[in-house]
Structures are given as structure tokens and as C-alpha cells.
Amino acid sequence: MPYKDKNKAREYQRIYQISWRKKNPELSRKISVKHYKKNGNKYQKLWQSKNREKNAFSSREYAKNNPLKWKVGMITRLNWEKDKNCGICKSTKRLGHHHWRYRLPVQRKDFSTLCSECHGIQHSKRRFE
């Protein structure tokens, strides 16, 4: 390390990284996406473990503001396991339930298993329809 002071070295490294990202935006974005796909869930769980009160508060707020969606989601998670792969692209990574309609009683045809990318596409399609 060229600097004896570690804080000074970190500061110079941070400045260099920022300037490199500005000069190489496409490559920087590609590296960031790859890193997030590999480590994203780890960071989310770390944040949740450090912020249990905030996380619990937001969950309670969601349940209070969206009672039907919350209830349908809980029933779905408790009664049905996710399929092994995405219903659209057949991916096996980052799967979750996508609800096509929220109603009680919950039926299997009301939701499907989608990967996070297809799930996001379905939500964006609904906004523009």
C-alpha cells in the first residue's frame, strides 16, 4: 500500500473508482449487475438482520394498508410450494409467486411461479395496458 495512513489510501481508492466508473459506464454497469445477481440476496438479508424494527414496521404497514393482498399472499405461501422453474422462461433461479388476481378463496389458477425478471416484466406490462 503506497500510503501509510489507511484512511487516506481508502479515500484515494474511492476517488479512483468513481472516476473509472464515469469513464467506463457500460462496463461498470455490467460488472454491477453481475455482482448483484451473485450477491444481492446476501445484502438484503444482511440489511434485514441489522434493521429488524424497520423491516417489521414496513411489514405491518403493508398488511394494514393492503389487507386482501397480504392475506392472499400468506395463504399462497402456506398452502402451495413454488414450481421448480419459471412459467415463462423456464429459469430455475430467484423464483416467486405472481398473483394474476387477488381474491378469496385462493385457487391455484390465480397465481403462477415466475423468476424475478419475468415477474418484473409482468408488472411493467400491467402499468402500460
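The rows are residues; the columns are (1) aromatic (Phe, Trp, Tyr); (2) more than 16 Å from the chain's Cα centre (by Cα).
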position: Lys4; (1), (2): no, yes
position: Asn7; (1), (2): no, yes
position: Tyr12; (1), (2): yes, yes
position: Ser32; (1), (2): no, no
position: Arg52; (1), (2): no, yes
position: Ser58; (1), (2): no, no
position: Thr76; (1), (2): no, yes
position: Asp83; (1), (2): no, yes
position: Leu95; (1), (2): no, no
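With the condition kept exactly as written, say whether any residue in the range 41-54 is touching a helix residue (DSSP H, G or I) at 6+ places or on another chain (Cβ under 6 Å) and either closer than 12 Å to Val106 by Cα or modelled with pLDDT of 85 or more (or both). So that I can check it myself, show each step before the final result.
Initially, the range 41-54 is screened for residues touching a helix residue (DSSP H, G or I) at 6+ places or on another chain (Cβ under 6 Å), giving 48.
From what is left, the residues that are either closer than 12 Å to Val106 by Cα or modelled with pLDDT of 85 or more (or both) are none.
Looking for residues that are touching a helix residue (DSSP H, G or I) at 6+ places or on another chain (Cβ under 6 Å) and either closer than 12 Å to Val106 by Cα or modelled with pLDDT of 85 or more (or both), one finds none in the range 41-54, hence no.
If Phe57 meets every condition in (1) at pLDDT below 85; (2) hydrophobic (A, V, I, L, M, F, W, C); (3) under 21 Å from Gly120 (Cα atoms) apart from one, which number is that one?
It is condition (3) that Phe57 fails.
Mind listing whichever residues of the range 83-104 are more than 23 Å from Tyr36 (Cα to Cα) and touching a residue at least 12 places away in the same chain (Cβ under 8 Å)?
Let us first name the residues in the range 83-104 that are more than 23 Å from Tyr36 (Cα to Cα), namely 83, 87, 99-104.
Within the range 83-104, Asp83, Gly87, His99, Trp100, Tyr102, Arg103, Leu104 qualify.
The values are calculated or read from the model by the stated rules, or taken from the named source; none is laboratory data. These numbers were taken from a predicted model, which means no experiment stands behind them. Using ideal geometry, Cβ is built from the backbone for each residue, glycine included, and neighbour counts are taken over all protein chains shown.
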